[in-house]
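Following: one structure in structure tokens, then a few remarks.
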Amino acid sequence: MASASRAARAATVLAAVAVAALLAIPVALAAFSAQAQNEKDVITAAPDLTPPAITANVVSKSLGGVTGYVRKGGGYYVYANVSADTGNPASGLATVKANAAELTSGESAVTLTSGSYTASGTTYNFRSAELTANATVEGSKNYSVTATDNAGNANTASNTATVDNVVPTAKDIQTANVGGGTNGFAELGDTITYTFSEPIDPQSILAGWNGTSTNVVVRMVDNGLLGLPTGNDEVFVYNAANTATLPFGAVNMGRGDYVAGLLGGSINFGASGTKSTMVMSGSAITVTLGTEAAEGVLIGPTTAGGTGTMVWTPVATPYDRAGNVMATTAATESGAADKDF
């Protein structure tokens with residue numbers, strides 16, 4: 001009897017342990033999201049709970065150059081850098097989409113395609129198709145990029161872009177004499193500053209330029225004859241190779257005695273010797289004269305005999321950060337008439 005009783009109790013304990021073990025199985029399985037099974041083995045995997053990371057995003061006009069600005073009717077792209085899925089295990093990237101509805105009405109789920117793209121010197125691995133801005137009200141507009149993985153985890157990064165629909169204009173033209181130089185005589189170190197109504201995209205002046213100091217050539221043209229100032233002298237800016245004019249337009253010096261030649265012609269600053277340079281700061285581009293060299297018969301710089309007022313006539317080639325093309329309205333030198341350079 002005693003042995004039978006002990007056997008019964010042992011059976012009861014074993015049954016209780018078995019029930020407890022069975023009850024614990026669903027709890028253990030709940031920690032796993034998926035399983036693969038064959039006849040003898042069960043393999044489980046931890047879930048992907050980590051969303052994709054968006055490390056950078058930007059809006060850039062289709063013309064390239066400065067980013068973050070668009071104009072009504074202008075084309076643009078949305079760029080993003082999305083890092084690889086870091087889930088454990090990684091489920092893979094499903095979609096990258098942009099909400100650009102404040103820039104282009106209705107475009108709230110624009111697909112970005114993977115690849116290698118560059119905007120203003122930065123490389124991105126996703127970009128949208130070209131979109132057209134139709135925002136009529138200027139100012140800062142919101143947009144966002146959302147990356148979603150195959151497990152449904154999503155990450156959204158927000159940013160802003162500026163809508164600018166105003167055409168840039170020429171605002172002022174000024175010169176400055178180098179310290180210790182001769183006023184009224186164009187020479188090494190003198191400067192001429194073109195001021196626009198707003199910042200211009202540097203690449204619209206010179207392809208690939210970012211606004212930092214770069215070499216150019218300045219030409220001062222004598223519109224006189226036989227040494228007589230029959231027409232006002234003019235200033236043009238050329239590329240560093242002195243083969244093509246840069247799109248500043250012409251500056252009428254308001255006098256004809258800054259340069260004089262037997263049969264007209266021009267003098268170059270920076271074609272050899274010390275180079276002329278240009279640099280952009282805000283809405284102004286300042287050009288500094290390099291070494292002077294004649295380009296003509298018996299021609300050279302002369303000292304202006306009196307005061308004058310410069311007039312800058314721009315061309316419709318430069319554009320602002322949003323892609324608005326420059327107006328060609330002339331700008332007259334501000335302030336009292338003076339000797340320039």
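Return yes when T230 is at pLDDT 95 or above, part of a loop (DSSP other than H, G, I, E, B) and of a type in the set (S, T, N, Q) and no when it is not. No; evaluated as a whole, the condition is false for this residue.
Restricting attention to segment 236-253 and to residues that are more than 27 Å from the chain's Cα centre (by Cα) and buried (at least 21 other Cβ atoms within 10 Å of the Cβ), the residue that is nearest to T302 (Cα to Cα) turns out to be M253. Among the residues of segment 293-325, those identified as under 16 Å from L246 (Cα atoms) and either part of a loop (DSSP other than H, G, I, E, B) or not assigned by TED's automatic domain parsing to the domain that holds L206 (or both) are P314, V315, A316, T317, P318. For A151, the stated conditions hold: it is at pLDDT below 95 and crowded, with 16+ Cβ neighbours inside 10 Å.
Counting the residues of segment 106-160 that are within 22 Å of L93 (Cα to Cα) and in a strand (DSSP E or B) gives 28. Among the conditions (1) on the phi > 0 side of the Ramachandran plot; (2) crowded, with 17+ Cβ neighbours inside 10 Å; (3) not acidic (D, E), the only one that G273 does not satisfy is (2). There is no residue in segment 166-184 that is within 30 Å of T309 (Cβ to Cβ), hydrophobic (A, V, I, L, M, F, W, C), in contact with a Pro (Cβ under 9 Å, 6 or more places away or on another chain) and not in a strand (DSSP E or B).
Each row is one residue, and each column tells you yes or no for (1) crowded, with 18+ Cβ neighbours inside 10 Å; (2) modelled with pLDDT under 95; (3) of a type in the set (D, E, K, R); (4) more than 29 Å from I299 (Cα to Cα).
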site	(1), (2), (3), (4)
T162	no, no, no, yes
A176	no, no, no, no
G181	no, no, no, no
D190	yes, no, yes, no
I200	yes, no, no, yes
S204	yes, no, no, yes
N215	no, no, no, no
G224	yes, yes, no, no
E234	yes, no, yes, no
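If the condition is being among the hydroxyl-bearing types (S, T, Y) and part of a strand (DSSP E or B), then segment 249-266 contributes only S266. Could you please find all residues in segment 302-336 being surrounded by 21 or more Cβ atoms within 10 Å (Cβ to Cβ) and over 36 Å from the mean Cα position of the chain (by Cα)? Residues satisfying the conditions are A304, G308. Can you find a residue in segment 113-123 that is on the phi > 0 side of the Ramachandran plot, surrounded by fewer than 22 Cβ atoms within 10 Å (Cβ to Cβ) and of a type in the set (S, T, Y)? Scanning segment 113-123 turns up at least one residue that is on the phi > 0 side of the Ramachandran plot, surrounded by fewer than 22 Cβ atoms within 10 Å (Cβ to Cβ) and of a type in the set (S, T, Y).
In segment 277-292, what residues are among the aliphatic types (A, V, I, L, M) and in a loop (DSSP other than H, G, I, E, B)?
Restricting attention to segment 277-292, the residues satisfying the condition of being among the aliphatic types (A, V, I, L, M) are 278-280, 284-285, 287, 289.
Across segment 277-292, the qualifying residue is only L289.
Here V218 does not fit the description of being within 33 Å of the chain's Cα centre (by Cα), over 20 Å from K339 (Cβ atoms) and either assigned to a strand (DSSP E or B) or assigned by TED's automatic domain parsing to the domain that holds G121 (or both).
The values are calculated or read from the model by the stated rules, or taken from the named source; none is laboratory data. The structure presented is a predicted model; accordingly, all values stated were derived computationally and were not measured. For neighbour counting, all protein chains shown are included, and Cβ atoms are generated from backbone atoms with ideal geometry for every residue, glycine included.
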